[in-house]
Amino acid sequence: MNLRSLPSLLLIGILLLSTSCGQAPEVFKEHQTVYQIGDNPTWAKKVLNDGNWERRMELIPEGEIFWSRTRIDILKAPEELRPYGLQIDAYGEYEIFWDGVMIGKNGNPGQEAELPPEGELWITYSIPTHLATEGEHVLALRLSNYYFPDHVGQYEIEIADYEDLLTDMLIKTSYMHVFAGAFLIVSIYFLFLFLNNRKEYPTLIFSVCCFFICGLVLIVFSKDYVSIHYSVHVIRLQILNSFLLGISFLIPYYFSMQFPYARRRLSLILYAVLLIFFWIISDHAFNYKTVGMVLSMLIFSFGIVTYGAYKHARGARLVLVTLLMSIVVFLASGFVVSLYTGLGLILLGMLYLLALNIKDQRLAYESSLVQSTRLRLELLKKNIQPHFLMNTLTSLIDWVEESPKKGVLFIEALAKEFDLFNQIEDQTLIPIAQEIALCRAHIEIMEYRKEINYCWEEEGIDIEQTIPPGTLHTLLENGITHSLPLEGNSIKFKLVYESNSDYKCYTFLTFATGVRQATSREEGTGLRYIKARLTESYQSKWDFVSEPTDHGWKSVIKIYS
Amino acid sequence: MDILIVEDESRIAKRVERMTRDFFGNTLNSVSHINTLREALVFIENNALDLVLLDLNLNGEDGFDLLTVAVAESFQTIIISAYKDQAITAFEYGVLDFVPKPFSRDRLEQALHRVTSKEEAITDMVRFLAVKKRQRIQLISIEDLVYIRGAGAYTELFLADGSKELHDKSLEKLEQLLSNSFERIHKSYIVRMSEVKGIVVKSGSKYLAELKNGDFIPIGRTKYKALKAKWY
């Protein structure tokens, strides 16, 4: 029931995610940040004429120290003993001053080249309560940006209750980890399914997709408890985008397997090229990359599934609905929310298709079981169907009455055939020698019944070979039933075996007169039996031809290797 | 007595032949054996027969066509078959008996006995009488049959819609096939009793059965008493 629990887990994940995004009213207002290269401790002061400072900084090479100043209005003073926290997301190592008071230190500005990397990309400090009064304040940072000198001043600042800042982050992270865990379990489950049935590539793709989503979520949300220095942030983004690249390719690929169309391979190659283009463009335009890949994935998937729905492919409509929903979510909400909600919805659609596949397989398996049972019964029926049994018994009564000794021999022949049938009835392939013994026993019986001299010949038989039970026996039965004897009251049967690297071939020849075209129900049943047996053992790798010839009848069974 | 055995199992055919010869003894004129349907059809067409012993499954072919041809002929037909489920169909088409395989001498002789006896039909399953038309066999439902008049070796079937058909079987042979709802009321007449409205007595001890369709058919002097007993 792991399958059933997945949708509810996803739903819970999505709901929790959306509730956690609900925000309390802002307690601060942020003004324009200004910059100045150089180092002067007085630049931390609250009151300073920074009118001539730069509003933008393109490049600050060599890890040179520079300062930033941001005027911040606190709209509401914090409650007593509940200090505000300041959350900063900025490139570089820096010291933080609030109204000229240093409230934190993140790394060693100006000494990055000499010292190892220190500090975190996302960091939270508390603002002393007495400094966070209602009114205007100045946040000054003394920074150096040694590793990304061209990435200056893209700061994100958040001020809120210090404890809330920390716990909200953890709550969101834990929800997302539950979400990731669900995908991990599903991924492992479907990986095992695939390992048990290696032909089912959609199962594998689904498993890999789930794993990628799990990886994506873990990478995105681990930042809250794994400290990351700003110098390795690009690597993190690259990993993240690689997961997204995989997901963006695999989802449409999966749909194209489920809803095949013309020129599938070509379109997939073109699509892969497009994705790789997004992936490699401009190193730092990560947002464009992500949006580009996700949009391409949605559009391409939508095209494939729409085509599938148009062709009335099973399940396509429901998947189309989930895709439309994810597109709506994508358009209606922020990128981060929509990414996970959308992926969740799409994966649900994929899961639905897999469930349909699994159902199909189960039905096919069940029908193959039924078919095998039916064939087995048909084989058993050969000896109790009235035409064989009653005619045999009538002849037997006559032999017993007229010539008891011959009658006993007749009974022995009958016993032999019954015994052979007993040995083979539950098998799908038997040694050719056993099948031939069955034919010979049958001939013996028929000689007592029909009083015709039946002759059996073999050529090139390889006793190592196997054959579905009752195949040659059925051909023999048809030969006996539909033939009249040649002059001299005899009918000859000949079995020829030939093989080469491509196929094995049995030719069954009947030499007789008056062989007529097969039309009747009984013979139809016989030929159907042979074909069903060949399919059971050799799937589609066989050929069966049955046709009249000058001398009587010829049946050829070819089994391809 | 001329008999044809249609059977593709040689041993069984010999058995039937032997037993038939034993049963009919001197009254037997000829016994022929044929093992294909096609030959049997030709043989029936070209030879006068009294009885055909027929296996319905020859060389895997369905002997149903042969059955309809056979029952339209003047001879009686006995089916000898391995398929008991064919018995009902066979009786519906008007065979004298159905002998299931395997059979004992007693069972076969019981069937052969019906050929010569005057006993009434053993079942009331007969539903059709097969009538030979120019190119085909027409099946007439027993429901439509009002009465039958003997006309030498042939009979005339008088049907509910007022039409008349000729049948190749003699009145005696039809009597053997028809069920109890039909009565032989005269040496030349068989009538469906439910069609009789009343009995009219004419001068000179002539008795007539008045039918619902307005026809009058004679009642044999000897049959009158038995009939009267049944009627009143």
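The values are calculated or read from the model by the stated rules, or taken from the named source; none is laboratory data. None of these values were measured; they are calculated from a predicted model. Glycine gets a Cβ as well: all are built from the backbone with ideal geometry, and neighbour counts include every protein chain shown.
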(request) Considering only residues that are over 30 Å from the mean Cα position of the chain (by Cα) and among the polar types (S, T, N, Q), look in the stretch A:357-400 and name the one that is farthest from the other protein chains (Cβ to nearest Cβ). (result) A:Ser372
(message) For a quick check of your reading: which helices (runs of 4 or more DSSP H) sit entirely within the stretch A:356-468 and have at least 2 residues that are among the aromatic types (Phe, Trp, Tyr)?
(response) A:386-402, A:404-424
(request) Output yes when any residue across the stretch A:205-215 is assigned to a helix (DSSP H, G or I), small (Gly, Ala, Ser) and within 15 Å of A:Phe300 (Cβ to Cβ), and no when none is. (result) no
(message) Whether any residue in the stretch A:184-194 is closer than 22 Å to A:Ala77 by Cα and surrounded by fewer than 20 Cβ atoms within 10 Å (Cβ to Cβ) is what I want to check.
(response) no
(request) Go through the stretch B:1-21 and give me each residue that's touching a residue at least 12 places away in the same chain (Cβ under 8 Å) and either among the hydrophobic types (A, V, I, L, M, F, W, C) or away from every other protein chain (no Cβ under 12 Å) (or both). (result) B:Met1, B:Asp2, B:Ile3, B:Leu4, B:Ile5, B:Val6, B:Ile12, B:Ala13, B:Val16, B:Met19, B:Thr20
(message) One residue is enough: does the stretch A:230-241 have a residue meeting the conditions free of Cβ contacts under 8 Å to residues at least 24 places away in the same chain and not aliphatic (A, V, I, L, M)?
(response) yes
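Could you please find all residues in the stretch A:241-264 being touching a Pro at 6+ places or on another chain (Cβ under 9 Å) and surrounded by fewer than 18 Cβ atoms within 10 Å (Cβ to Cβ)? Write out each step before concluding.
Going residue by residue through the stretch A:241-264, those that are touching a Pro at 6+ places or on another chain (Cβ under 9 Å) are A:254, A:257-258.
Answer for the stretch A:241-264, where residues must be touching a Pro at 6+ places or on another chain (Cβ under 9 Å) and surrounded by fewer than 18 Cβ atoms within 10 Å (Cβ to Cβ): just A:Met257.
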(message) If B:Leu139 meets every condition in (1) in contact with a Lys or Arg (Cβ under 9 Å, 6 or more places away or on another chain); (2) crowded, with 22+ Cβ neighbours inside 10 Å apart from one, which number is that one?
(response) (2)
(request) Considering only residues that are in contact with a Leu (Cβ under 9 Å, 6 or more places away or on another chain) and of a type in the set (A, V, I, L, M, F, W, C), look in the stretch A:401-418 and name the one that is nearest to the other protein chains (Cβ to nearest Cβ). (result) A:Phe410
(request) Only residues that are touching a residue at least 12 places away in the same chain (Cβ under 8 Å) and in contact with a Phe, Trp or Tyr (Cβ under 7 Å, 6 or more places away or on another chain): list them for the stretch B:154-192, please. (result) B:Phe158, B:Leu166, B:His167, B:Asp168, B:Tyr189, B:Ile190, B:Val191, B:Arg192
(message) Name the single residue that is surrounded by the most Cβ atoms within 10 Å (Cβ to Cβ) among those in the stretch A:476-490 being facing another protein chain (nearest Cβ under 10 Å) and closer than 30 Å to A:Asn500 by Cβ.
(response) A:Asn478
(request) Hey, could you check the stretch A:429-475 for residues that are under 46 Å from the mean Cα position of the chain (by Cα) and within 14 Å of another protein chain (Cβ to nearest Cβ) and say which is nearest to A:Asn489 (Cα to Cα)? (result) A:Leu475
(message) Whether any residue in the stretch B:91-100 is among the acidic types (Asp, Glu), modelled with pLDDT under 95, crowded, with 21+ Cβ neighbours inside 10 Å and closer than 18 Å to A:His482 by Cα is what I want to check.
(response) no
(message) I need every pair where a residue in the stretch B:25-42 that is under 12 Å from B:Ile5 (Cα atoms) and within 14 Å of chain A (Cβ to nearest Cβ) has its Cβ under 9 Å from the Cβ of a residue that is of a type in the set (S, T, N, Q) and not in a helix (DSSP H, G or I), sequence separation at least 6 or different chains.
(response) B:Asn35/B:Asn59; B:Thr36/B:Asn59; B:Leu37/B:Asn59
(message) So for the stretch B:77-84 (the condition being touching a residue at least 24 places away in the same chain (Cβ under 8 Å) and surrounded by fewer than 21 Cβ atoms within 10 Å (Cβ to Cβ)), does at least one residue qualify?
(response) yes
